[in-house]
Structures are given as C-alpha cells and as structure tokens.
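Below is one structure; the comments refer to it alone.
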Amino acid sequence: MSDWVSIIHKLRLKQFRKRTKFQLIFIQNMGYQIIDGKKVAKEIQEQIKKEVEHLKQLGQKVPHIAAVLVGNDGASETYVNNKIKACNSVGFQSTLVRLPEYVTENKLLEEVEKLNQNEDIDGFIVQLPLPRHINEQKVIEAIVPSKDIDGFHPINVGRMVLNLPCYVSATPYGIVQLLEYYKIETSGKHCVVIGRSHIVGSPMSILMAKNTPIGNATVTLCHSKTKDLKQYTLQADIIICAIGSPHFLTADMVKEGVVVIDVGITRIESKDSPTGYKLLGDVKFDEVAPKCSYITPVPGGVGPMTIASLLKNGLLAAKKEIYR
Ligand code: GUN
C-alpha cells in the first residue's frame, strides 16, 4: 500500500472516531464507508426508551432483565456492566446476580430456576464463558425458552432455523440490523463467515442464507479445518469475521469492494488507554479498509449493536411478543 493511501485511511479512522459533521462529510467522499455501529445502536436504544416511556404511561410494568455473572473474569465483568448500564439508560429495571467462581453447577441451576419462576423478571442471560467445572450447555438448556433473551436455548436456535418467532442471539441480530440500516445488498451475494461458534458464526451463516430481506446470500462457513481459507475470502462479496484472532484478516485475503464485518473483540493490555486495555478486531483494519465498500471498526462497530439487540429482545420478552 502506498504511503499516501495509508495516511488517508489512518486520518479517516481518526476522524470517524471524532465524528464532527465536517469530518463525516469528508470521510464519506473517500471510497469506503465505515459502518457506525455506535450511531445505529444509539438510535435503537432511543427508540426502545420511547417504548418504555409509553408502557409507563399506560400504567404497565417496565421490562425487567437479569444477568447472571459467575466469577471475576475482567472481560465478562465489563460486558455485563455495559449490559446493565444499557438497561438502565433505556428505563428497564435490571438485576445482577453475582456468583463466585467456585459456585457449584447445582447452585447455578437453582439460581436459573429462581429466575425462570420469578414473574417479575421478563428475560435473563447467563454470561459466558462459565468456569470449566460447569456444563455450559446444561445451564443454557435450564433457561426457560420464553426468557432466553440471548437466544442460545436449542428451542430458540431451532425456531430461528425454521423461521418461527424466536429470540435471535444478539450479535448476529445486531449484524443483520447493521446490514439493513446501511441498505447493503445481500441477495445473490457470496457471504463468507469465518468462525463456527454457537454464539456468532453458526447462526450468522443460517441467517444470511434465509429467504429474508437481509439474507438470500450464498454462504460459505469457514472454520479452523478449512483448507486454503484465502481462496474463499478472495471470492467473497461479504465477509463476517468471527474467529477471535486479532488482525487475522489481511488485505491480501480480500477483493476490492468487499463488505467486511469484524466481530472480533480481543482485549490486550495497553498503557496508553485509561482502562488499561484496548480492543483489537479480527481484521487488520488499516490495510483492509481501503479495499472495502463498507467496513465495521473495532471498537464502535458490532459491539454496541450486540447490546442494543439484547435490549430489543428484552423488550420483546416484556411485551410477550414471541411467547405468550
Ligand atoms: N459471552 C460472549 N458473548 C456473549 C453473549 O452474547 N451472551 C452471553 N450470555 N455471554 C456471552
């Protein structure tokens, strides 16, 4: 990449982060568009807040969401705190259930059952990963599907596959909403999903292939056993990178005009940051962005949409729109 191109897109990313009106106009005239997840998430949260105010005016109860956090993993604490903060900012009631790292599986299952039975709680999540002595799948399956706002229960996953009303897990749901917001054509396109996790890659591959407005793509799901990954990514019109390996996707792996969605959020220590860490995406943004038509940044892309989508699921749960 020539020096001037590198300087321009570094400037562009810097300007995206500052986001003055002048800068956004400048940015939009330079080839690739940054998908601003922070902005879209804010709009969704404002809409949810209005709906909560409306429920209050009608004298109805506000949505009440709970999160279960086991142990003291720094990243999980941050994610759960952000989810609770977001609940509060839209007027939801929220409850945090904290359990120690050494909690037994039975005790955790009891807590899940209490939340299932608690009529005041509309929906809840158990933050993953769980400590190794706990069977994660058993815990997920203990959550009653009507309160499973993460959409991880096999009933919700199965209903998603069959196009039946369900909670779609928050990250894939957030990505679909971003593609919709930016009117990105998916029909007939080749979408390459990298990573087959239950939380992102697998559901994403299913959603992109569905006969829905954001869907109808020809999907290739790549994973750790894929041979010559680059032959697939080079053909892709849309790449959804959810592999959890920082700066994995490089410029030589993508074609001109590609849409890149970066799901990676690896925390690394950083003395320059007030939090003591910084987030790295799965995409080498500086070199990939100049080849893109659209790209999500990290942070400020998919991350904020995950939270906004969880709130959307919370509102659906409170309004009993999926399960009556
Ligand atoms: N860990 C990483 N992502 C998620 C998520 O979306 N929900 C839960 N419960 N745990 C996670």
Exercise for review: Considering each residue of region 179-219, count those that are away from the ligand (no atom under 16 Å from the Cβ) and either of a type in the set (A, V, I, L, M, F, W, C) or farther than 26 Å from Leu128 by Cβ (or both), and give that number.
Suggested key: 28
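For (1) touching a helix residue (DSSP H, G or I) at 6+ places or on another chain (Cβ under 6 Å); (2) within 14 Å of the ligand (Cβ to nearest atom); (3) farther than 21 Å from Pro172 by Cβ, each residue gets a yes or a no:
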{"residue": "Ser89", "(1), (2), (3)": "no, no, yes"}
{"residue": "Thr95", "(1), (2), (3)": "no, no, yes"}
{"residue": "Pro100", "(1), (2), (3)": "no, no, yes"}
{"residue": "Leu115", "(1), (2), (3)": "no, yes, yes"}
{"residue": "Gly123", "(1), (2), (3)": "yes, yes, no"}
{"residue": "Pro129", "(1), (2), (3)": "no, yes, no"}
{"residue": "Lys147", "(1), (2), (3)": "no, yes, no"}
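To keep it simple, each residue is scored yes or no on (1) touching a Pro at 6+ places or on another chain (Cβ under 6 Å); (2) open to solvent by 40 Å² or more (accessible area, probe 1.4 Å); (3) modelled with pLDDT of 95 or more; (4) closer than 30 Å to Glu43 by Cβ.
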site: Tyr79; (1), (2), (3), (4): no, yes, yes, yes
site: Lys85; (1), (2), (3), (4): no, yes, yes, yes
site: Phe92; (1), (2), (3), (4): yes, no, yes, yes
site: Asn106; (1), (2), (3), (4): no, yes, yes, no
site: Glu110; (1), (2), (3), (4): no, yes, yes, no
site: Glu113; (1), (2), (3), (4): no, yes, yes, no
site: Asp120; (1), (2), (3), (4): no, yes, yes, yes
Point to revise | Some residue of region 77-86 being closer than 15 Å to Leu311 by Cβ, more than 15 Å from the ligand (Cβ to nearest atom) and in a strand (DSSP E or B) | key: no
Practice item. Go through region 285-318 residue by residue and tally those that are more than 16 Å from the ligand (Cβ to nearest atom) and without any contact (Cβ under 8 Å) to a residue 40 or more places away in the chain. Key: 1
Practice item. Please verify whether region 34-52 includes one or more residues that are surrounded by 16 or more Cβ atoms within 10 Å (Cβ to Cβ) and at pLDDT below 95. Key: no
Point to revise | Counted residues, region 139-180 - those being closer than 17 Å to Leu207 by Cα and either of a type in the set (S, T, N, Q) or in contact (Cβ under 8 Å) with a residue 24 or more places away in the chain (or both) | key: 24
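The values are calculated or read from the model by the stated rules, or taken from the named source; none is laboratory data. From a predicted model like this one, the values you see are computed outputs, not experimental measurements. Glycine also receives a Cβ, built like all others from the backbone with ideal geometry; neighbour counts cover every protein chain displayed. To get the accessible areas, we keep the full protein, side chains included, count just its heavy atoms, and leave off ligands, DNA and RNA. Shrake-Rupley method; radii C 1.70, N 1.55, O 1.52, S 1.80 Å.
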